[in-house]
Structures are given as C-alpha cells and as structure tokens.
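Working notes, structure below.
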Amino acid sequence: MNYIDGFVAAVPIKNKDQYIEHAKLCAEVFKDNGALKIIESWGENVPDGEVTSLPMAVKCKPDETVVFSTVVWPSKEVRDAGWQAVMEDPRMHPDQNPMPFDGKRMIYGGFDVILDV
C-alpha cells in the first residue's frame with residue numbers, strides 16, 4: 001500500500017495566489033523525487049472547535065484559512081529517500097521558494113494507508 005504525508009497550515013487569505021505558486025513548485029519537486037500525487041486544499045468550511053479543531057491546531061488567525069495537503073508515495077521507503085532529496089533540492093530553499101505562511105505553525109505527519117477504496 002501507499003504511504004501518505006499530511007500537512008495542515010494556516011495561510012493568510014491575502015496570500016492565496018502566492019501559496020498556489022509555492023505549492024506548484026513544491027509539487028514539482030516532490031514528483032521529481034518519487035511522489036505519485038500531491039493534493040492541496042484551501043479551507044472553505046473549516047469550523048472552529050470548542051476543544052480541538054484544525055484552526056486551533058495551527059493557531060489560525062481571523063485573516064487566515066486552513067490548508068490541508070497530502071503527498072502520496074508508493075511506499076515508505078520511496079518517501080524516506082524522496083524526503084531526503086526534497087530537502088536537499090535548491091528549489092525548496094527559502095530564498096528560492098519562500099513559504100507564504102508561518103511554517104512554525106504547520107503540523108504534519110506520515111501515515112500508513114490502511115484503507116483505499
């Protein structure tokens with residue numbers, strides 16, 4: 001089964017176009033290094049919670065929205081090698097592809113796929 005990386009971040013609404021350009025370049029780098037598919041999603045219906053929520057998790061401000069992103073890899077082994085190459089790729093350096101959001105508030109993780117229907 002595939003392996004998935006998931007990301008959640010708060011992005012200033014005014015930076016949507018910048019975010020899309022940033023994501024396109026990142027997707028190219030990920031695909032060049034073995035990723036099968038990249039999905040970027042712009043928050044449209046992401047409610048605040050009382051105890052937990054996506055906005056709370058990334059400390060989303062009133063002028064921001066939550067983005068949810070996934071990278072699909074063929075395996076964890078390909079993902080591990082791919083991530084190393086992605087981090088070394090000059091296109092990912094902040095001077096070439098700056099994040100149009102506060103990366104310190106991004107949360108992420110790697111996941112084994114247990115159901116794919």
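Name all residues of the range 92-113 having a backbone nitrogen under 17 Å from the label point set 7 Å from the Cα of Lys24 along its Cα→Cβ direction, giving them as ranges. 92, 96-100, by backbone N distance to the label point.
The C-alpha atoms of the chain define a longest principal axis, and helix 76-88 lies at about 70 degrees to it. Full extension of the segment from Met1 to Ile39, taken as 0.36 nm per residue of separation minus the current Cα-Cα distance, would add 11.9 nm.
Annotation: per residue accessible area for the chain equals 64 Å², rounded to a whole number [probe 1.4 Å, protein chains only]. Using a simple spin-label model with pseudo-atoms 7 Å out from Cα toward Cβ, Arg105 and Asp80 lie 3.4 nm apart. Full extension of the chain between Thr52 and Met92 yields a length gain of 11.3 nm, computed as 0.36 nm times the residue separation minus the alpha carbon distance. Remark: the Asp116-Thr70 segment gains 15.1 nm on full extension, using 0.36 nm per residue and subtracting the alpha carbon distance.
Relative to the longest principal axis of the Cα atoms of the chain, helix 16-32 runs at roughly 20 degrees. In the range 34-117, the portion of solvent-accessible area held by carbon and sulfur atoms comes to 57 percent [1.4 Å probe, whole percent, DNA, RNA and ligands not counted].
The values are calculated or read from the model by the stated rules, or taken from the named source; none is laboratory data. Just so it is clear, the structure is predicted and the values come from calculations on it, not from any experiment. Heads up, the Cβs are rebuilt from the backbone with ideal geometry, glycines too, and the neighbour counts pull from every protein chain shown. Please note that ligands, DNA and RNA were not included when accessible areas were found on the heavy atoms of the full protein model with its side chains. Shrake-Rupley method; radii C 1.70, N 1.55, O 1.52, S 1.80 Å.
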